[in-house]
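The structure appears below as structure tokens.
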Amino acid sequence: MSQPAVSIQLKNFQDQFDLRLTEVVGRQLHVTDFGKEIASAVSVILDQVNAINYKTESFRGQLSGKLKISVVSTGKYIIPYFLTDFVKMHPEITLELDVTNKSGVVKNLENNEVDFSLVSLLPAKLIVEKMELMQNKLYIITSGESQSDEKTYTKKILEKLPLIFREEGSATRLVLEEFITKNNLDVKRKLELTSNEAVKQAVISGLGSAVIPLIGLKNELQNGDLRIIPTKGFPIKSMWHLIWLKGKKFSPLAEAYIKYLQKHKSEIISAKFGWTENY
């Protein structure tokens, strides 16, 4: 919608209430406490309307509606392969995919704004149910143009490398910091970047080295832009999980997706991610 159209709709909505939904302070528009309560109530109403639509299509033998998934940034290399065939099987559905860092994913889940979240580290303060998808492996990488003596290093190599870190709130950053603390390492943080893509480009250009998941490195490793530094104690391994709030009432669409994954995830992993077993 255009900005004038939004303003008209907000005015028409405000006319239904005696109390203010929004207020302008300076040049900033803020939602009042009353407005937040109304937004929460409207969200429940719309969810009920969507549930009616889901049930209608379900009785017709079709799945429809919106599947909402929140994904940590590295998960964008994974989740499309677990969605493609399912979406093709059900052309009436729409997909809402939010790619953010771990903190954003946990917030989306906590606010019940999504059906599922894809994470490599389970949130500590939320009670969730989960499904294991596939293994996550993190390696030390460096530029393909850097010299190599082809030997295996100890963990102390991290103290000699100018390391490029992900931002605060990133699961990759958290895993690396836990590894550093556990092994009493004194590392040099060269740079901090907000995405794995940015980290990869910085490493390729020679700015430093990094510890990041293997899953996003296929092309760069194959064409020689990056190489793995063989190191004892690596890879650091975790598990990709699809998670949802415990006790969440699934829509027919969300329930169908869970059943699809239970049936097909092994063949998807074998077909699309078999290459990771070479490292």
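Nothing in this text is a laboratory measurement; each read-out follows from the coordinates by a stated rule. Bear in mind that the values here come from a model prediction, so they are computed numbers and not experimental data. Cβ sites come from the backbone with ideal geometry, for glycine too, and all protein chains shown count toward neighbours.
Results, tabulated for the structure shown:
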| read-out | value |
| --- | --- |
| Cut-off under 5 Å, modelled amide H: who pairs with Lys190 long-range | Leu163, Ile164, Phe165 |
| For the stretch 229-235, 3J(HN,Hα) per residue [Karplus equation, 6.51 cos²θ - 1.76 cosθ + 1.60, θ = phi - 60°, Hz, x = Gly/Pro] | 8, x, 9, 4, x, 10, x |
| Listed residues Ser43, Ser120, Ser143, most fluctuating in the chain (Gaussian network, C-alpha, under 10 Å) | Ser43 |
| Helix runs (DSSP H) in the chain reaching 18 Å along axis by Cα, Kyte-Doolittle at least -0.5 | 33-59, 252-273 |
| Sequence-distant residues sharing a close amide H with Gly144 (under 5 Å, placed H) | Leu226, Arg227 |
| Long-range amide H partners of Ile212 with built H, under 5 Å | Tyr139, Ile141 |
| Point-to-point label distance, Leu95-Leu191, nm (Cα→Cβ direction, 7 Å offset) | 3.1 nm |
| Around Ile269: net Lys/Arg minus Asp/Glu count, Cβ-Cβ under 12 Å | -1 |
| Net charge of neighbours whose Cβ lies under 14 Å from the Cβ of Ala39, counting Lys and Arg as +1 and Asp and Glu as -1 | -2 |
| Vicinal HN-Hα couplings computed from phi for the stretch 126-134 (Karplus, 6.51 cos²θ - 1.76 cosθ + 1.60; Hz; Gly/Pro x) | 10, 8, 10, 10, 8, 10, 5, 9, 7 |
| Gain on full stretching of the segment that runs from Lys246 to Arg27 - 0.36 nm per residue minus C-alpha separation | 74.8 nm |
| For the stretch 185-257 and the stretch 95-161, distance of Cα centres in Å | 5 Å |
| Entry for mean projected area of the Cα convex hull in nm² (calculated from the structure that is shown) out of (1) 19.4; (2) 14.5; (3) 16.5 | (1) |
| Residue pairs, from the table Lys36/Lys190; Lys182/Lys248; Lys190/Lys272; Lys130/Lys160; Lys160/Lys200, whose Cα atoms sit over 31 Å apart | Lys36/Lys190; Lys182/Lys248; Lys190/Lys272; Lys130/Lys160 |
| Calculated FRET efficiency for the pair Met131/Val42, C-beta based, R₀ 35 Å, to 0.05 | 0.65 |
| Neighbour-count ranking [beta-carbon atoms within 10 angstrom, fewest first] of Glu167, Glu277 | Glu277, Glu167 |
| Loop-resident sites, the stretch 120-169, for trypsin sites (Lys or Arg not before Pro), counting at most 16 other Cβ within 10 Å (DSSP) | Lys125, Lys151, Lys156 |
